[in-house]
Amino acid sequence: MTLTPPDTPPAPAAVDDGWRPLDAHPVGRTIAAFATRSFVANDPHGDRLRIRYEARAAAVPHATAAQPAELRAEVWFGPKAEGPPGHAHGGSVAAVLDEAMGLAVWLAHRAAVAAHIEVDFRNPVPLGLTGRVETTAGPADERKSSVSARLVGPDGTVYGEATGIFVLLGERHAGRFRGGGA
Ligand SMILES: CCCCCCCCCCCCCC(=O)SCCNC(=O)CCNC(=O)[C@H](O)C(C)(C)COP(=O)(O)OP(=O)(O)OC[C@H]1O[C@@H](n2cnc3c(N)ncnc32)[C@H](O)[C@@H]1OP(=O)(O)O
């Protein structure tokens, strides 16, 4: 007995496009551990934001102009992300884009913090949307990397676009961004 009607075309063979969960990569494991504590990603079962990162091996560990780092995420905006009625708060959209850009730079180069970001809100994000964040981190000089990101819906709608300058952490920042908390 088959559950497939005879006129249904066979499912296309799965194509391995190289994307893996972030923690499947050596550098990505450290980054994924950081993300379990971060403002954006720390509540994967909550009602605000749920986000899952993936990376492509070719991007790790050093991006070049010809081969930029590729980190992407699937993100869900839940009811507690509300800003305008029924829609996501701009801060939640900006935070998602900010974090994804930071992690993309980290994946491509090393840990970095945002020095400057710009966000364009292209369309209001309906609560309940599951969208995709795509990032592109280019090459870095000794101190910084530029990076861009966008949030796209399943139908191709672009909800937000961002660019950023991320400063790579080095000796001069020793102690400034230590872990901790109260
Ligand atoms: C294991 C590790 C744990 C930590 C992990 C953290 C991961 C986080 C993951 C992601 C989380 C999500 C992400 C987040 O939310 S990160 C959180 C939000 N960001 C911050 O809290 C950062 C606060 N700011 C600072 O601490 C300092 O200002 C930094 C460190 C950023 C720079 O101070 P520093 O004294 O070090 O730098 P510099 O002055 O020598 O400048 C260096 C270069 O950068 C250029 N520049 C500087 N500022 C700007 C600007 N505003 N626009 C354009 N360009 C700027 C500058 O011209 C120079 O370029 P050049 O002259 O070399 O060409």
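The values are calculated or read from the model by the stated rules, or taken from the named source; none is laboratory data. The shown structure was predicted, so the numbers you read here are calculated from the model rather than taken from an experiment. Cβ: placed from backbone, ideal geometry, glycine included. Neighbour counts: every protein chain shown. Just the protein is used for accessible areas: all its heavy atoms, side chains included, with ligands, DNA and RNA removed. Shrake-Rupley method; radii C 1.70, N 1.55, O 1.52, S 1.80 Å.
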Which condition from (1) more than 21 Å from Arg72 (Cβ to Cβ); (2) open to solvent by 40 Å² or more (accessible area, probe 1.4 Å) is the one that His173 breaks? (2)
Any chance Ser148 is outside any helix (DSSP H, G or I) and either near the ligand (Cβ under 10 Å from one of its atoms) or among the polar types (S, T, N, Q) (or both): yes
Can you find even one residue in segment 163-174 that is of a type in the set (A, V, I, L, M), part of a strand (DSSP E or B) and more than 17 Å from Ile31 (Cα to Cα)? yes
Can you tell me which residues in segment 92-126 are among the small types (Gly, Ala, Ser) and open to solvent by 40 Å² or more (accessible area, probe 1.4 Å)? Ala114, Ala115
Going through segment 129-145 one residue at a time, which ones are among the polar types (S, T, N, Q) and away from the ligand (no atom under 13 Å from the Cβ)? Thr130, Thr136
Among the residues of segment 87-128 satisfying the criterion of being of a type in the set (Val, Ile, Thr) and either more than 16 Å from the ligand (Cβ to nearest atom) or assigned to a helix (DSSP H, G or I) (or both), which is farthest from Gly28 (Cα to Cα)? Val125
The one condition in (1) closer than 12 Å to Leu168 by Cβ; (2) at pLDDT below 95 that Thr136 fails to fulfil: (1)
Name every residue in segment 127-143 that is farther than 24 Å from Val105 by Cα and either of a type in the set (Val, Ile, Thr) or loosely packed, with under 14 Cβ neighbours inside 10 Å (or both), in order of residue number. Gly128
Residue that is nearest to Asp120 (Cα to Cα) [pool: residues in segment 158-182 that are more than 12 Å from the ligand (Cβ to nearest atom) and out of contact with any Leu (no Cβ under 9 Å at 6 or more places or on another chain)]: Gly181
